[in-house]
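The values are calculated or read from the model by the stated rules, or taken from the named source; none is laboratory data. Keep in mind that this is a model prediction, so the values were computed, not measured. Glycine gets a Cβ as well: all are built from the backbone with ideal geometry, and neighbour counts include every protein chain shown. All accessible areas refer to the heavy atoms of the entire protein, side chains included, with ligands and DNA or RNA removed. Shrake-Rupley method; radii C 1.70, N 1.55, O 1.52, S 1.80 Å.
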Amino acid sequence: FEKAAAALGIKIIGLVAPNTSKERASEIIRASEKSGNQFTYLVSAKGTTGARADAGNESIAFVKSTRKIGGPNAKLFVGFGISTQQQAKAYIDAGADGVIVGSGIINAYSKFMRQDGSIDAEKAVKAAEEFAREIAAVRKV
C-alpha cells in the first residue's frame, strides 16, 4: 500500500491512538519521520469524532506520553473532537506541535444553513475563517 501511494505522490499519515502500544507508537512516529511526512496524527480519544466539551485528562496524558515516546523532534498533531481554543491550547501545552480541527469548522459554518438546505456561503466562510484564526492564535512559543 505504501509503495503504491508513494508512486502516486500520496503521503501516508501515521495515526497513533490512545490504545496504541508504546512500541507501535514509536514505530509509527519513526516511519513518519523516515518517509518525510509532515507529522504524525494523534487521535485524541477513543470513540467517535465530534466536538467535545474539553480536552480531558486522559487525552492530555496520552499526548504527554506520546511526546516522550517521540522525543522533542517528532512532529505530533492532535485531532479528533477539538473545537475550542482552550482545547487547542491544552494540547499544545501538553506537547503537541499543532491541532487538526474538523468538527469546529463544521459547527462554525453550519450556523448559516437555511431551511431549504442552501447555505449563506459568504457568512459561512467568514465564520470558518474566524474560527480558524482563533484556533491558530494558540501557538507554540
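Observations on the model:
- Distant-in-sequence amide H partners of VAL99 (H built 1.01 Å from N, under 5 Å): VAL78
- Global geometry of the range 77-132, whether rounded, prolate or oblate, following the gyration tensor of its Cα atoms and the 1.5 cut on a/c: prolate
- In the chain, the DSSP beta bridges split such that about 10 percent are antiparallel, to the nearest 5.
- Segments 33-45, 126-138 sorted - mean Cβ within 10 Å per residue, highest first: 33-45, 126-138
- Long-range Cα-Cα pairs in the range 1-42 (distance over 13 Å), rounded percent: 52
- Sorting 4-11, 94-101 by average packing, meaning the other beta carbons within 10 Å per residue, from highest down gives 94-101, 4-11.
- Classified by the C-alpha gyration tensor, the range 1-114 has an oblate form. Its axis ratio a/c, with a ≥ b ≥ c, is 1.5 or above, and a/b does not exceed b/c.
- Carbon-plus-sulfur accessible fraction, the chain (probe radius 1.4 Å, protein heavy atoms only): 55%.
- Rounded to the nearest 20, the size of the Cβ-charge dipole of the chain about its Cα centre is 380 debye, with Lys and Arg at +1 and Asp and Glu at -1.
- For the chain, calculated [θ]222 nm from helices alone, where every DSSP H run of n ≥ 4 adds -39500 (n - 2.57): -14500 deg cm²/dmol
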